Every structure is written in structure tokens, then in C-alpha cells.
1. Three principal axis extents, largest first, for the C-alpha atoms of the stretch A:20-110, in Å?
2. Evaluate the Kirkwood expression for the hydrodynamic radius of chain B, namely the inverse of the mean inverse distance over all pairs of different C-alpha atoms, and round to one decimal in Å.
3. Zone of B:Tyr179 (label point 7 Å along Cα→Cβ, backbone N under 16 Å): which residues in the stretch B:151-165?
4. If contacts are Cα pairs under 8 angstrom and at least 6 residues apart, what is the relative contact order of the stretch B:3-183 in percent?
5. What residue among B:Gly98, B:Gly76, B:Gly24 has the largest mean-square fluctuation in a Gaussian network model of chain B, using Cα springs under 10 Å?
6. DSSP beta bridges in the protein assembly as shown, what fraction antiparallel, as a percent rounded to 5?
7. If we count other beta carbons within 10 Å of each Cβ, what is the order of B:Thr120, A:Thr77, fewest first?
8. Calculated FRET efficiency, B:His40 and A:Ala7, Cβ-Cβ r, R0 22 Å, to nearest 0.05?
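Read-outs: derived from the displayed coordinates by stated rules, not from any lab. Quantities reported herein were computed from a predicted structural model and do not represent experimental measurements. Counting neighbours? That spans all protein chains shown, and the Cβs are built from the backbone with ideal geometry, glycine included.
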Amino acid sequence: MHDFYLARTSHSPEINFQFSRHHLSMTGEAYPENANDFFLPVLGQLKHYLDHTDGQHIVFDFRLTYFNSAATKMLYTLFGLLNESASTRNRITLNWFHDVEDDTILEFGEGIQDDFLALDFHAIAEDLAAA
Amino acid sequence: MQLDLFSAFRNSADFNGVLFYYNGQLSQNVINTMSDTLKHRLENEEAAQAKARKLFSSFIEMVQNALHYSPPDPDGNGEKVGAVAVGKQDNKFYIVCGNLVESQYAARIREKIEPLRSMTLDEIKKAYRAQLKNDQHENEDSVSKGAGLGFLTVARDASEPIEYSLMNVPAHDELAYFYLKAIV
């Protein structure tokens, strides 16, 4: 299937799903006017890819510096999809990049780690001021 | 506006540490412009990054809430309107947002906010996690357009209990003015 790319805007993140390389990333900030309108197509693409992928090592680089409450719920659904695939068909590494000072995003990541045990979760602190 | 009244308005804003004030039509474009302005203002404030992020988060939750739930201004051209102020007092940031709501939802707003006011931060975080995992939200709450996490997010990011007020709108029994304040 084709790779999926959305350019970053002031209120929505860059989505770079390189399905051909099994490398997926999300970078930027997420507070679109309607989180469902933005994320449902992204979830659809991801689900289609996961449904057709077996025995791969998939790497997901998560690099969001801010997401609003509606986006948070969508992200939770997204990690649920990854976890389901990681429990049965693929190995999935989730690299959780967060700013050194950002406890909110680190805590959310730790919640993801607790709730979705099949994911190979790595929290990576870095200076994201320039991301 | 007479210049002396404008001067009094400006002095009062200064006295209350107002960094940013907006009153008028609400749209996603207005919100985007305000977000950019607020980000720049915060960069110049030398606020701790963590605090600036929490303030920004509360700002977005409040203004998007106002945009999603407020009915059109009855005296306008069907526009949604709101007022928002961000300021700094005693080394803490505050944010106040005011918008119209339908009076029929006033009790619902009270029910959602009142419990948050007496919860500890740990309790708020637990409630947030529970709501995040709640798959039944859409069925349980037909009024909500989001994930039911908005007020919880504002309460989580605040350093003091959030404050709110619901006030009558003269000549419009079907409407109320809803004010929400958070201190970060």
C-alpha cells in the first residue's frame, strides 16, 4: 500500500507513515478544530496497513509536543490499534519523545505503557523546543 | 469609547496583570491567531516551560469549548461570541473565558465542574485516566462533542481549584453566560 503523508500545520501534526519501510512518525502539535475529522482518516490508514502486515518490526516515533483533550482520546485509540497488532502479528516499538521538562506528556506516555503492554515502549527525553 | 474611559479600561487591565484580552466573534481562525499570539507572549514572559504549556493547554480547552458549545449570539448575525483574558498576578497565570450556553445545560455544567473543585490532583488524574478509557462516553453523554476530557484537562493543569459562574442573560431566559477561570 502507499505511504501516507500529511504536512504539518499550525494546529495539526505532520503524519509520516512510511508503510513501505514499516516506519511511522507523528511530529508537531495537535489541536485541530475537529479531532475526529483529522484523526479518523489517519486511523483508517493505520488500520488498513496493520490488517495487511505480518511478522514485521514496526517503529513508531511519537514526537508531539502538545495535543488537546479531543486529540488525546484519538491517540489513545491509535495506540490501542498498535497494541492489538503487537499482541498478535507484529513487533511494535513505540519511541516516546518528550521534552525533558514536560511531565504531562511523559505521564501520558507512561499510561500508554501501562495500558498497552504488548508495545515495546521507550521514553526518550530530549530538548524538543526546536521540534 | 471616550478616551478617559479607554484609559480607565487600560489601567484596570494593567492593574490586573492582563497580558491578553479578546472579546468578539469566535471561530477556529480566531482561535489559531490567538494561540500564536499567546505563544509569543509566553515566550517573552520567561515563564517556566512547564507552566507555559499548562497555560496554553487550558487556553485551548476553554476557547474550543466555547466554540463548540456556545449557541449563536441572539443579538448578532448568527455568530458565536466569547471573551477570554490571560494574565499574571502574584507570579501565577490566570485564564478566564466567558461564553453563552443554553440555560438547559446549566445544571449539567455544574454537575461536571463542581466535583472537580474538591478533588486532589491525584483524584483528578485518576478520573482523567478513567474517562480516557471510557468507551461508552458517546452513549452516556449525547450533548458532549468531544471525549469528555475538557474540564478534567483544565482542572489537571490548574494549581488551584477551578472557578466558574453561570449568569442570567437579560431578556433571554433560554441563555446563560458561563464563565470559567483557572489559575496555573
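1. Projected onto the principal axes, the Cα atoms of the stretch A:20-110 cover 35, 30, 21 Å.
2. Working: mean 1/r = 0.0572 Å⁻¹.
The answer is 17.5 Å.
3. Flagged as within label range: B:162-165.
4. Numbers: 239 pairs, mean separation 43.6, N = 181.
Over the stretch B:3-183, the number comes to 24 percent.
5. Residue with maximal mean-square fluctuation among B:Gly98, B:Gly76, B:Gly24: B:Gly76.
6. Details: 39 of 60 bridges.
The answer is about 65 percent antiparallel.
7. On the way: B:Thr120 8, A:Thr77 15.
Taking fewest neighbouring Cβ atoms as first place, the list is B:Thr120, A:Thr77.
8. 0.45
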